[in-house]
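Read the structure below first, then the notes.
The values are calculated or read from the model by the stated rules, or taken from the named source; none is laboratory data. Owing to the predicted nature of the structure, the values given are computational and were not obtained by experimental measurement. Backbone-built Cβ (ideal geometry, glycine too); neighbour counts: all protein chains shown.
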């Protein structure tokens, strides 16, 4: 499974309005539930909060990867939120986050969930990926960036 399959354009929101982590979770989950017609908002929020209670998922400069396992989804799904003003996320480095890659997986798909996290971590090693995503003006543009960097990673160019 590739990131472009997990983060389709319909699950990308630019200009998140949230100012803190909890608001970001709510805004992203609301948008995700609308985009996918998922009615399990509270269960999804609970999964994200449960994982976040263990340790902040604000793990990379300007980037957070909130994720959780929940029966509210039948396959691995993602949602990318982009904040122009930054979100107070309680990140490990104490800095605001601008890109939030939310990943949801059913409990039975732990291996696929880990593969997606690994693939995302590989792309995030390229600082230009971050810059290019932040510069996008619409969800399709952000989706195209994900596809472009997956292709670059796959071909090793």
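General observations
- Residue match in the stretch 75-82 (condition: at pLDDT 95 or above, closer than 29 Å to residue 37 by Cβ and surrounded by fewer than 20 Cβ atoms within 10 Å (Cβ to Cβ)): yes
- When we screen 108, 118 for residues that are more than 16 Å from the chain's Cα centre (by Cα) and farther than 16 Å from residue 21 by Cβ, the only hit is 108.
- Of the numbered criteria (1) in contact with a helix residue (DSSP H, G or I) (Cβ under 6 Å, 6 or more places away or on another chain); (2) assigned to a loop (DSSP other than H, G, I, E, B); (3) in contact (Cβ under 8 Å) with a residue 40 or more places away in the chain, the one residue 15 fails is (1).
- Residue list for the stretch 120-139, filter: within 25 Å of residue 38 (Cα to Cα) and surrounded by 14 or more Cβ atoms within 10 Å (Cβ to Cβ): 120, 139
- Residue list for the stretch 118-157, restricted to those being out of contact with any helix residue (DSSP H, G or I) (no Cβ under 7 Å at 6 or more places or on another chain), in a loop (DSSP other than H, G, I, E, B) and more than 23 Å from residue 67 (Cα to Cα): 135, 137, 138, 156, 157
- Applying the criterion of being within 16 Å of residue 69 (Cβ to Cβ) and at pLDDT 95 or above to the residues of the stretch 1-39, the residue that is surrounded by the fewest Cβ atoms within 10 Å (Cβ to Cβ) is 25.
- The residue list 81, 58, 68, 62 contains one member that is touching a strand residue (DSSP E or B) at 6+ places or on another chain (Cβ under 8 Å) and within 19 Å of residue 9 (Cα to Cα), which is 81.
- For the stretch 20-37, the criterion of being part of a loop (DSSP other than H, G, I, E, B) and either closer than 25 Å to residue 129 by Cα or touching a residue at least 24 places away in the same chain (Cβ under 8 Å) (or both) is satisfied by no residue at all.
- Residue match in the stretch 103-123 (condition: out of contact with any strand residue (DSSP E or B) (no Cβ under 6 Å at 6 or more places or on another chain), free of Cβ contacts under 8 Å to residues at least 12 places away in the same chain and within 13 Å of residue 62 (Cα to Cα)): no
- Answer from 91, 47 - the residue that is under 15 Å from the mean Cα position of the chain (by Cα), part of a loop (DSSP other than H, G, I, E, B) and crowded, with 19+ Cβ neighbours inside 10 Å: 91
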